[in-house]
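Written out below as structure tokens is the structure these notes cover.
All of the numbers you see were taken from the coordinates with simple rules; none came from a lab. All of these numbers come straight from a predicted model, not from anything done at the bench. Please note: Cβ atoms are built from the backbone with ideal geometry, for glycine as well, and neighbour counts cover all protein chains shown.
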Amino acid sequence: MIPWGDDAVVLTALIFVVTYALIATERIDKTIAALLGGTAVVVVGIVDQEEAFGAIDLNVIFLLAGMMTMATILRRTGFFQWLAIRSAKFAGAEPYRLLVVLSVVCALLSAVLDNVTTVVLLAPVTLYLARVLRVSPVPFLISQILASNIGGTATLIGDPPNILIGSAAGLGFLEFLLNMGPIAVAILIVFVISTRFLFGRDMAVHDDVKEAIFELDEREVLTDERLLRISLVVIGATIVGFMVATPLGLEAGTIALLGAAVLLLVSGVEVEPVLREVEWPTLFFFVGLFMLVEAVVHVGIIDALAAALIDLTGGDPTVTTIGLLWLSGIASAIIDNIPYTATMIPVVQQMGASGIPIEPLWWSLALGACLGGNATIVGASANVVVANMAGRSGHPIGFLEFARYGVLVAVVSLLMSSVYLYGRYLL
Amino acid sequence: MTGKFRLARHTTVAACQDLLAIEPLIVHGDDDLLTVMRRAAGHPETRLIGVVDDAGILVGVLPVLRVAESVIGRVVPEALLSDIEDIDDVARFGHAIEARTAGEAMIERAVTSPDATIDQAFRVMHTRHLSGLYIVDADGRPTGYLDLLELAIRYVEVIETDPSRPS
């Protein structure tokens, strides 16, 4: 290792800032930026290989890879399209009811599957339904994005920040569900009520156009009913597995990999095409971030940052917890919540070590990182993907148009979270 | 350089156009897709439809599959919905169900000039995943059509009849 001394701090900070700037500005692909940053700190000798590689949280990587594999198989069955058509019929083809039902479905699916898969695969039916009903699909798509990010907040596997936090803090599926679930449900209820005022205008349509929706045959979109049944059973069993993992001394990553392996076995699908569709760039993005953040911890920057934050809040648990929630919410609205969370995890650990109750801090970080992503069109992966897709389908969603709804929903969500954190953990 | 490569790099599009003699299928931007589909059915050898403006300048192209998808999307959307797996599929589906005219369904034009070589034309078709290419004059007006499949068949025939080819 090169004896950098104090210069190591400056060099690490420089590599960190440049990497995060590249990720934020998208000057180069974020996975490349993270890998360059992560390997640079090893090459220049700030951390050695063993330490850098040891910092890669395989539980996170395996949990993501396992869930991605299962989602890839499930989406081949036409399940999402089937569910969307069933939801449309359930809503009686009334546009506003349809918006509410699809949003709730989106939130529920996002709690157990990744948000991007959920919103992308509900989108085509949404586009078609809007076309038939002669209303704009944009309110439906925005509403689904917002609901998806709220739903993802509820569970360990719902959003990548939760996976990172759960693994680092040793918090299991049930603990997430019991602590994040109630507030996520409360926010979803308030959101659903507010959709009447946010999106409910100009949604009246003639009865004759509704007929086309009832004529849709949802069974026609199912490509493989056997595979669908198998997929749902295995995914359901995996979720049960997450619940019992902690008492059994197993990590969530092990359960997800087991679920993926079992599904691949019993479904009989070809392994290679399925694994090719796993989001490898996302997994390598995490690898780079883990290595880079380890260097930032190693040289003492995180200690200094944690000390500065404690100084700022006076070490008061309430101020620190609520402050972290809003800091996380604002930061996640502007930058990718994954690198933000990866950086803040050691900061929270350091704050905990200094005597501030750590459990509220974890929930505060998770709520802020997940819900803050709703504020802007760049705040979360699902937002970016749907905006891109909507634009290519001839229905562009502008930054300001999204922010009009997103900022309001994010602020109300963070206010509700503040009350929840204070009432449940800080009183 | 082998004879096969020389053939592609030295044969011009104009020479091939004379050989293939496939009529371009030209429609206007505001033509209804059902009308376009019926016209396409009458020209089975033309797999890429050219869309022109009022001045007769090529403004876009329309693969036959895309026309069919737009029409099917209106009648039996389930047929297209079942195959959607990723964001590209969704965007394509969204585009298909919105389009009512050739102008709404068309994609960016793909053209070649009579002076270009077959090798260059192949590359454009391969890069754009198109089964044909429009030959345009200096003003951008279509003067001919080059079909990938027909071209490939002729190409293989020429190579097979080449006396210098090892048996």
query: If you build the Cα gyration tensor of the protein assembly as shown and take the root of 5 times each eigenvalue, what three semi-axes come out, in whole angstrom, biggest first?
result: 49, 31, 22
query: For region A:145-214 and region A:47-110, what is the separation of their C-alpha centers, rounded to whole Å?
result: 12 Å
- request: Work out the FRET efficiency for B:ARG100 and B:ARG128 from their Cβ-Cβ distance, taking R0 = 22 Å, and round it to the nearest 0.05.
  value: 0.35
- prompt: Against the longest principal axis of chain B, how steep is helix B:87-98, in degrees 0 to 90 to the nearest 10, with axes from Cα atoms?
  reply: 70 degrees
field: Residue order, fewest to most beta carbons within 10 Å, for A:LYS210, A:LYS30, A:LYS89
entry: A:LYS89, A:LYS210, A:LYS30
- request: Please give the calculated 222 nm ellipticity per residue for chain B, where each DSSP H segment of at least 4 residues contributes -39500 (n - 2.57) and the sum is spread over every residue; nearest 500 deg cm²/dmol?
  value: -14000 deg cm²/dmol
message: How are the alpha carbon pair distances in region A:1-149 distributed across 5 Å bins from zero to the largest one, expressed in percent?
response: 2, 9, 13, 14, 12, 10, 9, 9, 8, 6, 4, 3, 1, 0
query: Membrane-span-like helices in chain A: DSSP H runs reaching 20 Å or more (Cα, own axis), mean Kyte hydropathy at least 0.5?
result: A:7-25, A:58-75, A:95-112, A:115-133, A:138-153, A:173-198, A:225-245, A:252-267, A:280-298, A:317-334, A:358-372, A:399-421
- line: About its Cα centre, the protein assembly as shown carries a charge dipole, from +1 on Lys and Arg Cβ atoms and -1 on Asp and Glu Cβ atoms, whose size in debye to the nearest 20 is 820 debye
Euclidean distance of C-alpha centroids, region A:344-388 and region B:79-120, integer Å: 40 Å
field: Percent RCO, i.e. relative contact order, over chain A, from Cα pairs under 8 Å lying at least 6 residues apart
entry: 24 percent
query: Which value, in Å³ per residue, describes the convex hull spanned by the Cα atoms of region B:3-160?
result: 117 Å³
query: In a shell of Cβ-Cβ distance under 12 Å around A:VAL266, excluding A:VAL266 itself, what net charge do Lys and Arg (+1) and Asp and Glu (-1) give?
result: +2
